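Undergrad: My questions will all concern the structure given below.
The values are calculated or read from the model by the stated rules, or taken from the named source; none is laboratory data. Computed from a predicted structure; not experimentally measured. Glycine also receives a Cβ, built like all others from the backbone with ideal geometry; neighbour counts cover every protein chain displayed.
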Amino acid sequence: MNSDPALAIGDMQRLLHNMIRVGTIHSVDHGGPGKPALVRVSLGELVTDWRPYHEARAGGTTTWNPPTVGEQATVLSPSGDLGAAVVIVGLNSTGKPAPSNDPNKTITKYPDGAVIEYDHAAHALLAMLPGGGTAKLVAPGSVTIDSPQVTMTG
């Protein structure tokens, strides 16, 4: 902070302004062995340094679903210092809307057109692959299909 009161107020305003910012993913570093995945976020004219982003899970259960360039994100810097910020990804926007507005469905859509959808009201699971897609189920023990009716088409 600056010792001049007017400049100190300006510094405090800047830090306060930087505590929570919304921007878009500028670039993604997918990391590697021993190196975390990081993102840079565009905040208007400013582009952050490489910062960590929140993944859905990172404990005993882990997930890998890296953000994409152009995805809207929230930058959180509790101290107001963007150099110490973390990024929360996954904000829907006009350009990247949610795949549904049905509260009964959980849907994941992939860039190639594949869709995994579960409708908990209808108890229905849908896995849809694009043309040329393949599916593989690996089970070192056994596979059981327990249904009163199984339909296979080809």
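Undergrad: Give 114, 98 a once-over and let me know the one that is over 20 Å from residue 27 (Cα atoms) and modelled with pLDDT under 95.
TA: Values: 114 fails: modelled with pLDDT under 95.
None of the other options fit; the residue is 98.
Undergrad: Has the stretch 131-139 got any residue that is touching a residue at least 12 places away in the same chain (Cβ under 8 Å) and under 21 Å from residue 92 (Cβ atoms)?
TA: no
Undergrad: Right, something else. Would you tally the residues in the stretch 38-66 being part of a loop (DSSP other than H, G, I, E, B) and over 23 Å from residue 79 (Cβ atoms)? Explain how you work it out, then say what you get.
TA: So the first thing to find is which residues in the stretch 38-66 are part of a loop (DSSP other than H, G, I, E, B), and the list is 44-45, 48-50, 54-57, 59-61, 63-66.
Filter once more, keeping what is over 23 Å from residue 79 (Cβ atoms): 56-57, 59-61, 63-66.
Residues in the stretch 38-66 being part of a loop (DSSP other than H, G, I, E, B) and over 23 Å from residue 79 (Cβ atoms): 9 in total.
Undergrad: Checking residue 27 against (1) hydroxyl-bearing (Ser, Thr, Tyr); (2) surrounded by 15 or more Cβ atoms within 10 Å (Cβ to Cβ); (3) within 14 Å of the chain's Cα centre (by Cα), only one condition comes out false. Which one?
TA: Among (1) hydroxyl-bearing (Ser, Thr, Tyr); (2) surrounded by 15 or more Cβ atoms within 10 Å (Cβ to Cβ); (3) within 14 Å of the chain's Cα centre (by Cα), residue 27 violates only (2).
Undergrad: Name the residues in the stretch 85-141 that are of a type in the set (Lys, Arg) and farther than 29 Å from residue 154 by Cα, would you?
TA: Scanning the stretch 85-141 gives a single hit, 96.
Undergrad: For the stretch 89-100, name all the residues that are surrounded by 12 or more Cβ atoms within 10 Å (Cβ to Cβ) and without any contact (Cβ under 8 Å) to a residue 60 or more places away in the chain. Outline the logic, then answer.
TA: Looking only at the stretch 89-100, we keep the residues that are surrounded by 12 or more Cβ atoms within 10 Å (Cβ to Cβ), and these are 89-91, 93, 96, 99-100.
Across the stretch 89-100, the qualifying residues are 90, 93, 96, 99, 100.
Undergrad: Using beta carbons and a limit of 6 Å, which pairs, at least six apart or on different chains, have the first residue in the stretch 41-57 and assigned by TED's automatic domain parsing to the domain that holds residue 24 and modelled with pLDDT of 95 or more and the second one in a loop (DSSP other than H, G, I, E, B) and surrounded by 14 or more Cβ atoms within 10 Å (Cβ to Cβ)?
TA: 41/48; 51/85
Undergrad: Name the pairs whose Cβ atoms lie under 6 Å apart, with the first residue in the stretch 17-28 and under 16 Å from residue 77 (Cα atoms) and among the basic types (Lys, Arg), the second assigned to a strand (DSSP E or B) and modelled with pLDDT of 95 or more, and 6 or more positions between them or separate chains?
TA: From residues that are under 16 Å from residue 77 (Cα atoms) and among the basic types (Lys, Arg), the pairs are 21/43; 21/75.
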